[in-house]
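K.L.:
Take this structure, written in structure tokens, and hold onto it; I'll ask about it next.
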Amino acid sequence: MKAGVACAMLALAALPAGAHRLDEYLQGTLLSVDNNRLEASMRLTPGVAVFPFLIAEMDSDGNGAISEAEQHAYAVRVLRDLWIASDGRRLTPRLVSVQFPALAEMKEGRGEIRLDFSADLPAGGRNRNLTIENHHESRISAYQVNCLVPRDPGIRIVAQTRNYSQSVYRLEYEAAGVASDSFQFVSGGLVWLGPIGLLLFTRLVLLRRHSERSATLSA
């Protein structure tokens, strides 16, 4: 997702500069989906007026600094406040990275917390949907959510819907193809084969054809 993040974050930053109010906690989330994986990048920017409340939540020992352990603990708390589901099945997000700005920047309303996470997507049919609800600091927050254009040409975004505050987001998409290093077929159900499985399957097909040819010649 990194290759497209720099440009795609413009979609979240498309609001005018004054749109980030001083009394809000702006939380922007950028998503990327493929056949079996969700990747997301969050940018959390505290307004000047809400910073004193938020720093008290982040700085658990009250020493005026946010240690790496406190940064990680806060990131885990953010993920805990997310409800993510694929085709109605709840997902468990995994924290990939977290970065905090200097406290001076956050005090001025300029610093943003960067949080990346991922989640495995269960196998599904052609028509898929993804739902994300963000309940983190809902009393003081403003939300923005958007999705990158899929890298896999077999995936097509159908619709994106949001509630008024964008705390609830729903993505509908079509997954018409699979990744180039895998194979799908239907024979009483959906089977997913990786590179090794694909080689074995191909060998079985060749052996079967050889047996059928030998049987034909001996008849």
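K.L.:
First measure r as the distance between the Cβ atoms of Glu174 and Arg90, then evaluate 1/(1 + (r/R0)^6) with R0 = 35 Å and state the FRET efficiency to the nearest 0.05.
P.N.:
0.95
K.L.:
Please list the non-local residues whose amide H lies under 5 Å from the amide H of Val145, H modeled 1.01 Å from N, same-chain partners needing a gap of 5 or more.
P.N.:
Distant-sequence amide H within range of Val145: Thr29.
K.L.:
Determine the gain in length on full extension of the stretch Ala159-Arg110; use 0.36 nm per residue of separation and subtract their C-alpha separation, reporting nm with one decimal.
P.N.:
14.4 nm
K.L.:
Expressed in nm to one decimal, what extension gain is obtained for the pair Asp120 and Arg80 from 0.36 nm per residue of sequence separation less their Cα-Cα distance?
P.N.:
So the extension gain works out to 12.8 nm.
K.L.:
Another one. Assuming a ≥ b ≥ c are the square roots of the Cα gyration tensor eigenvalues, decide whether the stretch 97-162 counts as rounded (a/c under 1.5), prolate (otherwise, with a/b larger than b/c) or oblate.
P.N.:
prolate
K.L.:
Per residue, how much accessible area does the stretch 37-184 show when a 1.4 Å probe rolls over the protein heavy atoms, in square angstrom?
P.N.:
51 Å²
K.L.:
For Glu68, put the label point 7 Å out on the Cα→Cβ axis and report which residues of the stretch 93-122 keep their amide N under 16 Å from it.
P.N.:
Answer for this model: 96-101.
K.L.:
State whether the stretch 22-69 is rounded, prolate or oblate according to the following rule on the C-alpha gyration tensor (a ≥ b ≥ c being the square roots of its eigenvalues): a/c under 1.5 gives rounded; otherwise a/b larger than b/c gives prolate, and the remaining case gives oblate.
P.N.:
Oblate, since a/c reaches 1.5 and b/c is not below a/b.
K.L.:
May I ask you to give the percent of accessible area on the stretch 15-166 that is carbon plus sulfur, with a probe radius of 1.4 Å?
P.N.:
It is 51 percent, rounded to a whole number.
The values are calculated or read from the model by the stated rules, or taken from the named source; none is laboratory data. Every value quoted in this text rests on a predicted model; they were computed, and no experiment measured them. Positions of Cβ are backbone-derived with ideal geometry, glycine not excepted, and every protein chain shown enters the neighbour counts. In case anyone asks, the SASA skips ligands and DNA or RNA and just uses the protein heavy atoms, side chains included. Shrake-Rupley method; radii C 1.70, N 1.55, O 1.52, S 1.80 Å.
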